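Quick notes on the structure that follows.
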Amino acid sequence: KRSSITRRVSLTERLHLLLQCEYHSGTAGDVGLEIILWSFLSVGPRSPQSADYPDLRKHNNCMASSLTPAIYAKLCDKATPNGYTLDLAIQTGVDNPGHPFIKTVGMVAGDEESYEVFSDLLDPIIKERHNGYDPSTMKHPTDLDASKIHSGNFDPRYVLSSRVRTGRSIRGLSLPPACTRAERREVERVVVDALAGLHGDLDGKYYSLTQMTDGEQQQLIDDHFLFDKPVSPLLTCAGMARDWPDARGIWHNNEKTFLVWVNEEDHTRVISMEKGGNMKRVFERFCKGLLEVERLIQERGWEFMWNERLGYVLTCPSNLGTGLRAGVHVKLPLLSKDPRLSKILDNLRLQKRGTGGVDTAAVGGVFDISNLDRLGLSEVQLVQTVVDGVNYLIECEKRLEKGQDIKVPPPPLKQFK
Amino acid sequence: MPFGNTHNNFKLNYKVEDEFPDLSKHNNHMAKILTKELYGKIRDRQTPSGYTLDDVIQTGVDNPGHPFIMTVGCVAGDEESYEVFKELLDPVISDRHGGYKPSDKHKTDLNFENLKGGDDLDPNYVLSSRVRTGRSIKGFTLPPHNSRGERRAIEKLSVEALTSLDGEFKGKYYPLKSMTDAEQEQLISDHFLFDKPVSPLLTCAGMARDWPDGRGIMHNDNKTFLVWVNEEDHLRVISMQPGGNMREVFKRFCVGLQKIEEIFKKHNHGFMWNEHLGYILTCPSNLGTGLRGGVHVKLPKLSTHAKFDEILTRLRLQKRGTGGVDTASVGGVFDISNADRLGSSEVAQVQLVVDGVKLMVEMEKKLEKGEAIDSMIPAQK
């Protein structure tokens, strides 16, 4: 069991710990100790800070917008207690300049402490990405009480499927960009152990990527459950695919309505889904499963990474807060041709994707519609937003079917300022 | 990956069996050598610049194997890696380089006059000739590990050295991040432009970080001498021309390298070299001479002969498709080059190419006439 580290360990303290470590283990001879001491003292870049400042002139991501030379100079020789550095955190954003239309985040966290140690950079990024949410002054609400959702059962003639996903990180273990093989294996052990304690409609099985049979693999592919080694350079440049497929796997319940990915982009990704439009039931199962898993890991002395300024702590700053994406696959053939659709979605705080997920196009007028926001609003609030929004979109589609006109809804009140 | 120096020590809190990678499905040199015991023995070490065992092996852990070639599965992050991790790298070097021992000495010979012949390969068969090698600049860490500041310093030094060359070496440097579209088009049609590495063998070792910062291409006006800066090594030096005059290619290669080296030495940044491993490069497979001398040669009949691979092995040569490593041959045209890098000199390796290709062209001609080539098959060199 590892206790959470909530304070920054000073340089001299680390040196002291290091010397103790070497003495006790007796593994280092004099020469070895000298090399270690020498390298330890040369913490920081091997050239002047300005020489290491990345060239971000052609970049368009949140990191590039916020990383001034002054902030770089201030943070470049800092490291989290586990040794994660600024250069590591920003590598993905340096290597992936971005898309002219889509603004990526451009930075990841290697561990929970990254959000503290590099807050001078991460706070403005979080603010930009999450509509002005200021982590230094605001608090994030967490609410997993699904009974509060109303009108969450959609017309199945329009809504083909409903899905809610989030991520959870295990406190005390580094995140996918930085975790060692031992840590990653420990995440797998902790999570699989807890999932084995689920019963009833959540009774299920774990399929390790390294050990699944060909038959199991084919079934998981047919069910659209199997996740692949990441190919997106946004992820690979951040080191998340290291040691693949060691300690990666998929758990799902026998009914195939609750699914957990282990050690992909986050320690865990938790997904509840069903065919049809009963979003309320999907969310009920989601909350029940999450709370039950949390209880099970707590029994064993572990907990999720969470704090009141950032909510649930995940690898990508874009997933902080709830980490929640609640969405539906919905048929809106008439509305899909209406030029007002984008504005309608914006005002409803929704986003559209193709049915292949992010970066895909819609097929046959069927869209993936989900919440835009993650941080500063609770799970219940976000799911209700999706419910209200999808009901509105279906209303629009029905009106268009009857040849009636539709209205663009008013924009929501400015959330955080 | 270049973690902060405390990261490796933090890992030591975990037991060896928990940190040791699962290499059960792997087929590369590193996986064959690295036992759990060896891992436990050397995992607490770092080079002075902070490069660790896990850094060395990451590419081999992430890339279990290649269908056609036995990959090395490990890289050096700096000159000292070869010393600090010798318990792993010496056996890998031995496996890769025909039993080369830690006590062996490597001979360097860049005196082009020592090459015999090589100016008369039949241009009806030999379409082009090329010699390449790599050089690392002392005082800097290598591409898997270097910082942006180091990479830029390497570029700056290289540009200074390369743009000061004259005579047949006079040329221009094109930085990747600021070349114009027209320059890029020209470099592509000349087959000079190198791309951001996509091979996971390279990307998993961290060599594509910060692309295209600090990378560029220099070539002479005649387009026969080319230097890549900060791709897989600090420098890759290439001499090439159409036709079969390997002698001329090799002369230009040697002269150009020596001129460049003089300039670097003046700045107190000579090339990394020692008498055991020769020229120090990122990949252990390129130690020694780092030299790949080869031709594009038309061998449609010989290449389908049952003994073709056997002949190549005996001649100490290897074949590739004309797109380079990992490609297939097109129209019976092969890239034929020396297989060895360490334990024999530059002259010796190019000599093998010259002699071997000459022989194979004669075999091809014999086969064209319907004659047998059995009497021509050489003994193992």
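Of everything listed in (1) away from chain A (no Cβ under 14 Å); (2) closer than 28 Å to B:Met30 by Cβ; (3) touching a helix residue (DSSP H, G or I) at 6+ places or on another chain (Cβ under 8 Å), the single unmet condition for B:Leu281 is (3). A:Gly204 meets all of the listed conditions (1) loosely packed, with under 14 Cβ neighbours inside 10 Å; (2) under 30 Å from A:Gly277 (Cα atoms) but one, namely (1).
Please list, ordered by residue number, the helices (runs of 4 or more DSSP H) wholly in region A:46-141 having 3 or more residues that are closer than 22 Å to A:Leu310 by Cβ and within 12 Å of another protein chain (Cβ to nearest Cβ). Break it down stepwise before answering.
Details: elements: A:49-52, A:62-66, A:69-75, A:86-95, A:114-117, A:119-129.
Here the list reads A:86-95.
For region A:71-87, which positions are buried (at least 24 other Cβ atoms within 10 Å of the Cβ) and in contact with a strand residue (DSSP E or B) (Cβ under 9 Å, 6 or more places away or on another chain)? Listed by number, the residues that qualify are A:Ala79, A:Thr85, A:Leu86.
When restricted to residues that are out of contact with any Ser or Thr (no Cβ under 8 Å at 6 or more places or on another chain), assigned to a helix (DSSP H, G or I) and of a type in the set (A, V, I, L, M), region A:188-199 contains 4.
I'd like the full set of residues that are aromatic (Phe, Trp, Tyr) and modelled with pLDDT of 95 or more, limited to region A:338-392.
First, pick out the residues of region A:338-392 that are aromatic (Phe, Trp, Tyr): A:367, A:392.
Scanning region A:338-392 gives a single hit, A:Tyr392.
Within the option set B:Glu83, B:Glu87, being more than 9 Å from chain A (Cβ to nearest Cβ), of a type in the set (Asp, Glu), closer than 24 Å to B:Asn13 by Cβ and free of Cβ contacts under 8 Å to residues at least 60 places away in the same chain holds for one residue only, B:Glu87. Here A:Asp243 fits the description: under 26 Å from A:Met107 (Cα atoms) and of a type in the set (D, E, K, R). For region B:151-169, the set of residues classified as part of a helix (DSSP H, G or I) and either touching a Pro at 6+ places or on another chain (Cβ under 9 Å) or among the hydrophobic types (A, V, I, L, M, F, W, C) (or both) consists of B:Arg151, B:Ala153, B:Ile154, B:Glu155, B:Leu157, B:Val159, B:Ala161, B:Leu162, B:Phe169, listed by residue number. Which members of region B:170-211 meet the condition of being more than 22 Å from the chain's Cα centre (by Cα), away from chain A (no Cβ under 14 Å) and outside any strand (DSSP E or B)? Matches in region B:170-211: B:Lys170, B:Thr180, B:Asp181, B:Ala182, B:Glu183, B:Gln184, B:Glu185, B:Gln186, B:Ser189. When the test is whether a residue is of a type outside the set (Gly, Ala, Ser) and over 17 Å from the mean Cα position of the chain (by Cα), B:Met218 passes it. Which of the strands (runs of 3 or more DSSP E) contained wholly in region A:232-304 include at least 2 residues that are touching a Lys or Arg at 6+ places or on another chain (Cβ under 8 Å) and within 17 Å of A:Ser162 (Cα to Cα)? In region A:232-304, the matching strands (runs of 3 or more DSSP E) lie at A:258-262, A:268-275.
Does B:His106 meet the test of being in a loop (DSSP other than H, G, I, E, B) and within 26 Å of B:Trp211 (Cα to Cα)? When the stated conditions are applied, B:His106 does not pass them.
Looking only at region B:223-236, which residues are in contact with a Pro (Cβ under 9 Å, 6 or more places away or on another chain), at negative phi and in a loop (DSSP other than H, G, I, E, B)? Working first, answer last.
Of all residues in region B:223-236, those in contact with a Pro (Cβ under 9 Å, 6 or more places away or on another chain) come to B:229-234.
With at negative phi added as a condition, the list becomes B:229, B:231-234.
Those that are in contact with a Pro (Cβ under 9 Å, 6 or more places away or on another chain), at negative phi and in a loop (DSSP other than H, G, I, E, B): B:Glu231, B:Glu232, B:Asp233, B:His234.
Within region B:212-222, being within 14 Å of chain A (Cβ to nearest Cβ) and in a strand (DSSP E or B) holds for one residue alone: B:Gly216. Of the listed requirements (1) part of a loop (DSSP other than H, G, I, E, B); (2) surrounded by fewer than 17 Cβ atoms within 10 Å (Cβ to Cβ), B:Gly343 misses just one: (2).
Please verify whether region B:250-263 includes one or more residues that are within 14 Å of another protein chain (Cβ to nearest Cβ) and not small (Gly, Ala, Ser). Walk me through it before giving the result.
Step one: of region B:250-263, the residues within 14 Å of another protein chain (Cβ to nearest Cβ) are none.
The answer is no; no qualifying residue exists.
In region A:215-243, the residues that are closer than 23 Å to A:Ile271 by Cα and within 13 Å of chain B (Cβ to nearest Cβ) reach residues that are buried (at least 20 other Cβ atoms within 10 Å of the Cβ) and among the charged types (D, E, K, R) with C-beta atoms within less than 8 angstrom, at least six apart or across chains, in these pairs: A:Pro230/A:Glu264; A:Pro230/A:Glu265; A:Leu235/A:Glu265; A:Met240/A:Glu264; A:Met240/A:Glu265; A:Ala241/B:Asp62.
Answer yes or no as to whether B:Asn124 is more than 28 Å from B:Gly288 (Cβ to Cβ), out of contact with any helix residue (DSSP H, G or I) (no Cβ under 7 Å at 6 or more places or on another chain) and assigned to a loop (DSSP other than H, G, I, E, B). Yes; evaluated as a whole, the condition is true for this residue. Among the conditions (1) at positive phi; (2) surrounded by fewer than 21 Cβ atoms within 10 Å (Cβ to Cβ); (3) within 14 Å of another protein chain (Cβ to nearest Cβ), the only one that A:Ala247 does not satisfy is (2). Listed by position, the helices (runs of 4 or more DSSP H) contained in region B:7-83 that have at least 1 residues being over 27 Å from B:Lys101 (Cβ atoms) and either of a type in the set (Lys, Arg) or modelled with pLDDT of 95 or more (or both) are B:16-19, B:53-62. With respect to the conditions (1) in contact (Cβ under 8 Å) with a residue 12 or more places away in the chain; (2) not in a helix (DSSP H, G or I), B:Cys254 falls short on a single one, namely (2).
Scanning region A:211-249 for residues that are modelled with pLDDT of 90 or more and farther than 24 Å from B:Gly206 by Cβ turns up A:Gln211, A:Met212, A:Thr213, A:Asp214, A:Gly215, A:Glu216, A:Gln217, A:Gln218, A:Gln219, A:Leu220, A:Gly249. The set of residues in region B:356-381 being over 31 Å from the mean Cα position of the chain (by Cα) and not in a helix (DSSP H, G or I) consists of B:Lys369, B:Gly370, B:Glu371, B:Ala372, B:Ile373.
Between A:Ser162, A:Ser174, which is outside any loop (DSSP other than H, G, I, E, B), polar (S, T, N, Q), crowded, with 21+ Cβ neighbours inside 10 Å and at pLDDT 95 or above? Before you say what the answer is, go through the steps one by one.
Values: A:Ser174 fails: outside any loop (DSSP other than H, G, I, E, B).
None of the other options fit; the residue is A:Ser162.
Could you check region B:109-152 and list, in sequence order, the residues that are over 25 Å from B:Thr203 (Cβ atoms) and touching a Ser or Thr at 6+ places or on another chain (Cβ under 6 Å)? Outline the logic, then answer.
At the first step, the residues of region B:109-152 found to be over 25 Å from B:Thr203 (Cβ atoms) are B:109-131, B:138-139.
The answer is B:Asp109, B:Val131.
Quick check on my filter: what residues within region A:89-112 are in contact with a Pro (Cβ under 6 Å, 6 or more places away or on another chain) and more than 12 Å from A:Leu235 (Cα to Cα)? So that I can check it myself, show each step before the final result.
Of region A:89-112, the ones in contact with a Pro (Cβ under 6 Å, 6 or more places away or on another chain) are A:94, A:96, A:105, A:108, A:110.
Within region A:89-112, A:Val94, A:Gly110 meet the criteria.
Looking across region B:32-65 at every residue that is more than 10 Å from chain A (Cβ to nearest Cβ) and of a type in the set (Gly, Ala, Ser), the one that is surrounded by the most Cβ atoms within 10 Å (Cβ to Cβ) is identified as B:Gly60. Selection of first residues in region B:359-374 that are surrounded by 12 or more Cβ atoms within 10 Å (Cβ to Cβ) and of second residues that are basic (Lys, Arg), restricted to Cβ pairs under 6 Å at least 6 apart or on distinct chains, gives the following pairs, ordered by first then second residue: B:Glu364/B:Lys301; B:Leu367/B:Lys301; B:Ile373/B:Lys366.
The values are calculated or read from the model by the stated rules, or taken from the named source; none is laboratory data. None of these values were measured; they are calculated from a predicted model. Using ideal geometry, Cβ is built from the backbone for each residue, glycine included, and neighbour counts are taken over all protein chains shown.
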